[in-house]
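Computed from the coordinates by the stated procedures, all read-outs in this text should not be read as laboratory data. Here the structure is a predicted model, which means the values were calculated and not measured. For neighbour counting, all protein chains shown are included, and Cβ atoms are generated from backbone atoms with ideal geometry for every residue, glycine included.
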Amino acid sequence: MNDGPLVIKANKREVPPDMPPTVWWELVNNAETQDFSLLWYDPVCEYLRPTELRRLRAKVFIWNEATGNYPDTVDTWWEPRMARRRGEVPASSRQAMPTIFENTLTCGFCNARWTYPYPLERCKLCDTKLLDAPEEQVRSIQRPARDRMARPRVTK
Amino acid sequence: MSSRISESSVVDLIETADIGGTNANTAYTTMAHYSRARAYVEIGTWNAGDDLDECRIQQASDTSGTGVKDLTTDESGGDYDTDAPVDADGDFVIIEIRSEDMDTDNGFHVIRTRVAEGGNSGTDNVTVSELKYGYAYPRKELQGAASAGSQVYVSA
């Protein structure tokens, strides 16, 4: 039976390490038929729609089966992000210091990489509040290298 | 007597490229003899103000792209639903199609994968691989053979 094209959207961070994404997706789909309501809880569960909650719990189950652990956070996973995008999840209270290197800002929590102009307040992937980057890092990015080289020499 | 026969497949790539304000496409390659194709699109360093606006597989009647048209859709509610686009480092999209989804009656036997970003707030890096698999040698049509000709080979 051909149901037409199959399209999967997710983030690498929700796929257990060493598991091919297509294999993972098939396991998640199969697991969705089971009831994992007592398996795991996170406050974000309160804000998800029923179909999203069922899929998230199935993903957590597969993560647990593959790694032996429960995920530290699901903030980078697809369903919480969609709920956050709809404005249905309160802002995270988590804070982290980003790093800036070669025109790329890296979130201090989820390691998502962002190009200039950087997200000003929160990481768009995990919703972590980004603390001010070290002053010297920001300054070195904002000032082109050739300007530094062309700085006039001070002579007396 | 037994033998292990591995499956033949073909991979086409878009090396990591900045598609901020522009698009990228794999080369047109034929699906002749292949039963399925899968596109894997992964976002790398990305700008927080941008989304992946287009992500689809297209079909054409030759490798010059004659008559190119969409095989999968990218629109609101489409196969790649643009209401929920991928937009962060590590996000991926997998699109899987079958050769019977193609308009072979009208000679469409070539595919390519297309991605695009329209906002261009900054650098948007994406990597694409397109895999064709399920190879089979041309074979005689067993049932419902055409009235003209004694042998009919399926070439697309």
Calculated FRET efficiency for the pair residue B:35/residue B:106, C-beta based, R₀ 22 Å, to 0.05
0.70
List the aspartates and glutamates whose Cα sits under 12 Å from the Cα of residue A:12, skipping any in the same chain fewer than 8 residues away.
B:42, B:89, B:91
Which of B:51, B:105, B:81 moves most in a GNM of chain B, Cα contacts under 10 Å?
B:105
With Cα springs under 10 Å, the Gaussian network model of chain B assigns the largest mean-square fluctuation among B:113, B:16, B:30 to B:16
List A:47, B:28 from most exposed to least, where exposure is judged by having the fewest other Cβ atoms within 10 Å.
A:47, B:28
Between residue A:32 and residue B:82, what is the FRET efficiency for a Förster distance of 30 Å, r being their Cβ-Cβ separation, to the nearest 0.05?
0.75
Rank B:87, B:101, B:18 by mean-square fluctuation in a GNM of chain B with C-alpha springs under 10 angstrom and give only the top-ranked residue.
B:101
Residue order, fewest to most beta carbons within 10 Å, for B:31, A:19, B:102, A:97:
A:97, A:19, B:102, B:31
